[in-house]
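Read the figures in this text as sums done on the coordinates, not as results from a lab. Model, not experiment: these values are computed from the prediction. Backbone-built Cβ (ideal geometry, glycine too); neighbour counts: all protein chains shown.
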Amino acid sequence: MTMPASTIEQPAPTVWPMVTALGITMVFAGLVTHVLVSAVGVVLTVAAGVGWWRQVLPRPQLEQLAVPLSADEAQPTVVPRPEVGPPAAGEAGHRVRVPVEVQPLSAGIKGGIVGGVAMAIVAIAYGTLIQHSLWYPVNLLAAIAMPRMAQASEAALRAFDPPALFLGIIVHGVISVLAGLLYAVILPMLPRRHMLWGGFVAPLLWTGGLWALLGVINPVLNARVDWTWFIVSQVVYGLTAGYVVSRVTPVATMQTWPLVARAGVEISDRAGARGPSQ
């Protein structure tokens with residue numbers, strides 16, 4: 001009994017890949033034997049490349065292969081269509097927007113301030129223990145915007161400098177608060193385990209990007225940064241800020257509001273009084 005057959009389409013067989021490999025091999029073999037071997041290899045490689053190109057362009061060469069079917073495969077296959085449940089609807093029948101709850105921006109500001117203080121403590125410990133100077137970390141931070149500090153000697157970086165101190169505190173505070181606001185916005189949209197994302201993943205990504213950027217913009221300053229301590233300070237900031245942000249009670253987004261409230265429409269009650277939707 002002959003079983004019914006089906007056909008499948010596949011690329012037509014070709015010898016050009018093997019000719020290409022042979023030609024490349026002869027090109028390199030001629031480097032240690034004779035130049036004619038390399039010449040023949042070049043000719044074979046070029047010819048194989050042209051032949052291989054014409055095998056697929058402008059129209060690929062295909063062939064139909066017969067594939068015998070088993071008794072079960074010969075029977076018509078009915079693929080059941082899975083039943084898909086209706087999507088979860090939000091308030092007033094509207095589709096759900098994610099996230100439904102977010103952290104307030106005030107949580108990001110608090111987390112940024114607390115995280116900035118924790119990171120400053122790590123920086124002070126580094127300056128005191130490693131550089132034997134309380135002013136070294138803040139002077140190094142000010143060097144980002146003060147060219148004279150970027151070119152300063154080690155002794156100058158360890159000395160007290162009022163303008164550098166003022167600028168370093170401002171830069172540190174602004175960056176800490178902005179990063180805290182970023183945490184408050186992004187963390188609700190990330191998967192669970194916010195402490196992992198905010199405490200380790202984000203600091204490592206930020207440090208890697210800063211290291212690559214600073215190495216191009218200011219290699220001298222990049223060489224003076226102790227990146228091990230820098231990573232530790234960033235992780236401490238991420239854990240502290242992430243903890244503060246995650247502990248704040250989230251607020252509901254507009255997703256939980258009725259449609260008329262989201263649209264800003266006023267409706268009339270039964271008594272005829274008009275007022276904003278509740």
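Can you tell me how the stretch 123-172 classifies by the Cα gyration tensor, rounded, prolate or oblate, using a/c under 1.5 as the rounded cut? Here the stretch 123-172 falls in the oblate category.
R0 = 30 Å: FRET efficiency of LEU62 with ALA39, Cβ-based, nearest 0.05? Calculated transfer efficiency: 0.30.
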